[in-house]
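Only one structure is covered here, and it is reproduced in the block below.
Each value in this text was obtained by applying a stated rule to the coordinates, not by laboratory testing. Here the structure is a predicted model, which means the values were calculated and not measured. Every residue, glycine among them, receives a Cβ derived from its backbone with ideal geometry; neighbour counts consider all protein chains shown.
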Amino acid sequence: MIYETEVTNIGPEAEMFQAENMLIFFGDEAPETLADYCYNIVLKSSTGEITPGMTFSFDEQSYQITAVGDVVKKNLDDLGHITLRFDGSTEAELPGTLYVEDKPMPTIQVGTKISIQ
């Protein structure tokens, strides 16, 4: 386990990006312009590199990581901010995006545990 946190708040428009197979996470300091579109998480640092083949989990629902943008670890550690894309891409198109396998997205609630291992 290199990362573990939990959802503390869900912006009123956060589910809007599910139609595009995306979720946006941000620590509690999300800029006002983004706050409504984010799932807020407790800001914590990861303890290792995030690499393809690892698992990103929401409570008991797991997704294999398929690609990692260049600034995912830095943004996650510093801001709690990443975009999670559920499309199975093996090449990271955007530096702050973490890509996971293409399967149905999870149901997320306040208190949902998020982990990377």
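Checked against (1) among the charged types (D, E, K, R); (2) outside any loop (DSSP other than H, G, I, E, B); (3) more than 13 Å from the chain's Cα centre (by Cα), D77 meets all criteria but (3).
Which count do you get for residues in segment 14-28 that are surrounded by 14 or more Cβ atoms within 10 Å (Cβ to Cβ) and among the polar types (S, T, N, Q)?
Of the residues in segment 14-28, the ones surrounded by 14 or more Cβ atoms within 10 Å (Cβ to Cβ) are 14-15, 17, 21-27.
When the remaining residues are screened for being among the polar types (S, T, N, Q), the result is 21.
Total meeting the criteria: 1.
Listed conditions (1) without any contact (Cβ under 8 Å) to a residue 24 or more places away in the chain; (2) in a loop (DSSP other than H, G, I, E, B); (3) closer than 15 Å to I2 by Cα are all met by P104, apart from (3). Of the residues in segment 62-69, at least one is of a type in the set (F, W, Y) and closer than 15 Å to Y3 by Cα.
Restricting attention to segment 29-50, the residues that are of a type in the set (S, T, Y), closer than 16 Å to Q117 by Cβ and surrounded by fewer than 13 Cβ atoms within 10 Å (Cβ to Cβ) total 2.
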